[in-house]
Every structure is written in structure tokens, then in C-alpha cells.
Amino acid sequence: MEMTKPIYVINGPNLNRLGKREPEIYGTTTLAEVEAMCVKAAGGRRIEFRQSNAEHQIVDWIHEAIDGGAGIVINPAGLTFTSIPILDALKMFPGPVFELHISNIHRREAIYHNSLVSKIATAVIAGLGPDGYPTAVAALARLLEAKAKGAGA
Ligand code: DHK
């Protein structure tokens with residue numbers, strides 16, 4: 001049962017404009033191309049790939065993942081530093097949560113330094129550019145595989 005649950009890849013505000021948005025920081029790869037990279041990296045495990053500019057929608061998708069997802073890769077974008085509702089929702093998620101940022105937030109302006117999500121994240125990936133997404137998905141898929149094997153042993 002657990003092996004069939006998908007990995008949720010959740011994207012926050014402004015990431016719908018990836019490819020055009022500040023390419024010197026976020027690159028020229030579009031979000032659709034990132035989705036294709038994630039599907040490939042998941043190695044046969046299903047992906048639920050989502051993006052919203054609305055905090056409540058992201059909370060609703062985390063709730064959906066609580067019941068039907070094996071793991072979460074989340075780039076909350078600007079909500080990373082402000083959203084207690086997203087933090088509270090992630091606290092309820094029983095599986096691994098990988099926090100992802102395209103840019104190295106720790107090398108940017110101070111407003112990007114204090115991530116609320118990092119307080120509960122299993123792992124944090126920042127600064128790999130769009131390639132951070134398939135890297136996170138592949139690592140999460142391996143972790144789930146190992147857990148399943150461990151549980152099966
Ligand atoms: C994306 C954003 O929109 C910013 O608000 C973050 C993050 C950085 C990123 O690097 O993916 O702080």
C-alpha cells in the first residue's frame with residue numbers, strides 16, 4: 001500500500017513564472033520542465049506536482065498528502081519565512097518532508113534567512129537551481145524505498 005502512494009511536489013507563490021522570473025537568480029527552466037524532471041527522477045513512483053500563489057491552497061494540498069502521500073518535496077517560496085499555517089500543516093504529515101529552494105537563501109538578503117519550514121523538515125536543499133527538484137525527488141524516493149525495505153525486513 002505505502003509503496004504506491006505518490007510523492008507530492010508543492011510549489012508556492014510566483015513559481016508559476018519560473019523561467020521568466022529573475023532568471024539571474026532562478027534560471028530559465030520553466031515549471032513545466034521542472035515537473036518533467038521530477039517525474040523522471042521518481043523512477044516509477046507517482047508524482048503529484050502542484051503550484052499555487054494561495055497559502056490556503058498549499059495547506060489544503062498538505063492535508064491531502066497527509067492522507068494519501070508517501071513524502072513531500074516543498075518549495076514554499078516567500079511563504080517559507082512567514083507561514084505558520086504551512087508549518088502547522090507540515091507538522092501533521094507522518095512522512096519525510098524535504099524543503100527545497102532554487103537559490104541559496106542563506107546567501108541572499110536577511111529576509112530569506114529564517115525558514116519556519118526548516119524547523120520540521122527532514123532535509124533542506126538550497127542553491128542547486130532547478131536541478132534541486134529532481135535531486136530532492138530522487139533522494140526522497142530512495143529514502144522511502146529504504147524505509148519500505150526496513151519495514152519489510
Ligand atoms: C523562491 C522564492 O520565491 C523566494 O521567496 C525564496 C525561493 C527563494 C527559491 O529559491 O526557490 O525565498
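Figures for the structure shown
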{"read-out": "Any hit, segment 133-144, residues being within 13 Å of the ligand (Cβ to nearest atom) and either within 14 Å of the chain's Cα centre (by Cα) or not in a helix (DSSP H, G or I) (or both)", "value": "yes"}
{"read-out": "Residue identified as open to solvent by less than 20 Å² (accessible area, probe 1.4 Å) and either of a type outside the set (Ser, Thr, Tyr) or within 15 Å of the chain's Cα centre (by Cα) (or both) among Gly127, Gly71, Gly150", "value": "Gly71"}
{"read-out": "Residue, farthest from the chain's Cα centre (by Cα), within segment 110-124, restricted to residues that are open to solvent by 50 Å² or more (accessible area, probe 1.4 Å) and within 12 Å of Gly78 (Cβ to Cβ)", "value": "Ile111"}
{"read-out": "Per-region count, segment 130-144, residues without any contact (Cβ under 8 Å) to a residue 40 or more places away in the chain and open to solvent by 20 Å² or more (accessible area, probe 1.4 Å)", "value": "1"}
{"read-out": "Verdict on Ala65 being in contact with a helix residue (DSSP H, G or I) (Cβ under 6 Å, 6 or more places away or on another chain), open to solvent by less than 50 Å² (accessible area, probe 1.4 Å), farther than 10 Å from Gly12 by Cβ and in contact (Cβ under 8 Å) with a residue 12 or more places away in the chain", "value": "no"}
{"read-out": "Pairs, first more than 10 Å from the ligand (Cβ to nearest atom) in segment 100-119, second hydroxyl-bearing (Ser, Thr, Tyr), C-beta under 6 Å, six or more apart", "value": "Val117/Thr80"}
{"read-out": "Residues of segment 29-59 satisfying the condition of being part of a loop (DSSP other than H, G, I, E, B) and exposed (fewer than 12 other Cβ atoms within 10 Å of the Cβ)", "value": "Gly43, Gly44, Ala54"}
{"read-out": "Residues that are crowded, with 17+ Cβ neighbours inside 10 Å and not in a helix (DSSP H, G or I), drawn from segment 76-109", "value": "Pro76, Ser83, Phe93, Gly95, Pro96, Val97, Phe98, Glu99, Leu100, His101, Ile102, Ser103"}
{"read-out": "Residues of segment 14-26 that turn out to be surrounded by fewer than 18 Cβ atoms within 10 Å (Cβ to Cβ) and in contact with a Leu (Cβ under 9 Å, 6 or more places away or on another chain), as a count", "value": "4"}
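The values are calculated or read from the model by the stated rules, or taken from the named source; none is laboratory data. Values in this document were obtained by computation on a predicted structure and should not be read as measured data. Neighbour counts are summed over all protein chains in view; Cβ atoms, including those assigned to glycine, are modelled from backbone coordinates with ideal geometry. With ligands, DNA and RNA removed, areas are computed over all heavy atoms of the protein, side chains included. Shrake-Rupley method; radii C 1.70, N 1.55, O 1.52, S 1.80 Å.
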